[in-house]
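What follows draws every value from the coordinates through simple rules; no lab data is involved. Predicted, not measured: the structure shown is a model, and the values here were computed from it.
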């Protein structure tokens, strides 16, 4: 009988600074598993700034051509009702400020909106009430609904007979840049209509949020909604049909839950799992281990290190890694029967503590089970794992299955 697989994804744990959080952290349990397992590096070249959606999708053995798009996955992740023909857009509460710029082409002076914080300080206070204030709009024959997700995130849904996902983002993806106009990416009336409706939505939302009472009590205002990654429904082959394995997922991040649901995996909601540094690591790992009694392949996704690198705080990242080692990997070692279970530990993309952005690069991985032939790598970090097998992230799932 093939072994069960516990597939742990440490989101954004690799870094590109000289001494990375993994190198700084004391992690005896992860290092023991590395030394006694099979380890190496995965290479992620999925764009200049690899997106978590496509990175985790290909990490799980699917191709870029099968990818349905981030907006749709975010909607699935928060259990929205999916309607073919609707457009789903990823959204962030953000902070913008008005700057007067000389518009030479029109001869007018108009305020431009510049992004000062793409995540509104990661402060969730007041966001529930603000979400209700921007819940529903009807603009140019398009119904636009806003749904709050976890933290500062949300999903915008457009419903009409003639909306199109082929549009650009309003999010400049870096701070101290001007908010972008949404534009059609193809010469199509539906794309023009969708872009125009979202630009009107953005202006209406700003009018409401900039004077919303909840912003009086926040350190930084959440006065804008940035938009990106529009997509619509697309069928994805189930994990069972693709690999012959019954899959389950323990995650709090909506995009990971959305990927799992798109692959027809069971998704387990764990109380206290919050997709941030306060998440209940003990509750998540114990639930993942419990699910191995029922499912062949269980994903355990942990987001925190991605957050610390986005916030350019590698020291906090190393401290969170130490917490993961104590609360997750110590329990995995203690409670897992490795005669029947294979442990895989990997990541999806590096996140740079220098720039706060996702970057291309290499990610450490380890595979451990009883009887595996170790390649004797001493530590789980970017430098040590160079001595092991290096492969592209798209090929990793095939490698994992070959060990079963």
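General observations
- Within the listed set 70, 218, 90, the Gaussian network model of the chain (springs between alpha-carbon atoms below 10 Å) gives the highest mean-square fluctuation for 218.
- With Cα atoms, 0 to 90° folded angle of helix 281-291 axis to the chain main axis: 70 degrees
- Using alpha-carbon coordinates, inclination of helix 314-324 to the longest axis of the chain, degrees: 50 degrees
- Highest-fluctuation residue, 222, 273, 133 considered, GNM on the chain with Cα pairs under 10 Å: 133
- Translational D in µm²/s for the chain (Stokes-Einstein at 25 °C, 0.890 mPa s, Kirkwood Rh from C-alpha pairs): 111 µm²/s
- Computed over the chain, the per-residue total of -39500 (n - 2.57) for DSSP H runs of n ≥ 4 gives a 222 nm mean residue ellipticity of -8000 deg cm²/dmol, rounded to 500.
- Segment 275-381, relative contact order in percent, only Cα pairs under 8 angstrom and at least six apart counted: 24 percent
- Helix 189-210 axis, angle to the chain major axis (alpha carbon atoms, nearest 10°): 90 degrees
- Using C-alpha pairs below 8 Å separated by at least 6 residues, the relative contact order for the chain is 34 percent.
- Overall form of segment 190-303 per C-alpha gyration tensor (a/c, 1.5; a/b vs b/c): oblate
- Relative to one another, the C-alpha centroids of segment 146-221 and segment 241-258 are positioned 29 Å apart.
- DSSP bridge pairs, the chain: antiparallel proportion in percent, nearest 5: 65 percent
- Shape class for segment 87-231, computed from the alpha carbon gyration tensor (a ≥ b ≥ c): oblate, with a/c not under 1.5 and a/b at or below b/c.
- Computed over every Cα-Cα pair of segment 17-89 and binned at 10 Å starting from 0, the pair-distance distribution P(r) comes out as 14, 31, 28, 20, 7, 0 percent.
- Overall form of segment 139-208 per C-alpha gyration tensor (a/c, 1.5; a/b vs b/c): oblate
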